[in-house]
1. Collect residues whose amide H, placed 1.01 Å from N in the peptide plane, falls under 5 Å from the amide H of G21; neighbours closer than 5 in sequence don't count.
2. What value in Å³ per residue do you get for the convex hull of the alpha-carbon atoms in region 39-90?
3. With N residues in the chain, what two-decimal value do you get for its Cα radius of gyration over 2.2 N^0.38 Å?
4. What is the distance, in nm, between label points placed 7 Å from the Cα along the Cα-to-Cβ direction at E5 and at I29?
5. For the chain, set up a GNM with springs between Cα atoms under 10 Å and report which of L40, L71, L12 has the largest fluctuation.
6. Taking the full set of protein chains and a 1.4 angstrom probe, give the accessible area of D80 in square angstrom, rounded to the nearest 10.
7. Okay, helix-only estimate at 222 nm for the chain: each DSSP H run of n ≥ 4 adds -39500 (n - 2.57), divide by all residues, round to 500 deg cm²/dmol; what do you get?
8. At 1.4 Å probe radius, can you tell me the per residue accessible area of the chain in Å²?
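The values are calculated or read from the model by the stated rules, or taken from the named source; none is laboratory data. Only a predicted model underlies this, so the values are computations on that prediction, with no experimental measurement involved. All Cβ positions, even for glycine, are placed from backbone atoms using ideal geometry, and neighbour counts span all protein chains on display. These accessible areas exclude ligands, DNA and RNA; they are computed on the full protein's heavy atoms, side chains included. Shrake-Rupley method; radii C 1.70, N 1.55, O 1.52, S 1.80 Å.
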Amino acid sequence: MIKRESTVERYLVRKVKELGGMAIKLNPIGMAGLPDRLILLPGARVIFAEVKRPGEKPRKIQKVIHNQLRLLGFRVEVVDSNEKIREVLT
């Protein structure tokens, strides 16, 4: 059974809260490609997270925006499984 993106996202939000952080839903108007969540963790750790179903890849516009954010010095991660979420949050 393939997980839905919403299932992956709920797990991400729960794990971030368990770490004492915030997983802010980004809902930009007029800016396609921005990651789904802004993760703020203790110690001033900031991660942009693109949430996907298992095995799904970012669209072209998402890759462009992700690269722009990385060039600005931000960490951008694509998460598509519980394992990847745990890896990103450690």
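1. Those lying under 5 Å, H to H, from G21: there are none.
2. Spelled out: Cα convex hull of region 39-90, divided by residues, is 72 Å³.
3. Cα Rg divided by the expected 2.2 N^0.38 Å: 1.03.
4. Spacing of the two 7 Å Cα→Cβ label points: 2.1 nm.
5. Among L40, L71, L12, the largest mean-square fluctuation in the Gaussian network model of the chain belongs to L71.
6. Around 40 Å² of this residue is reachable by solvent.
7. Numbers: 3 runs with 34 residues, N = 90.
So the calculated ellipticity at 222 nm is -11500 deg cm²/dmol.
8. 64
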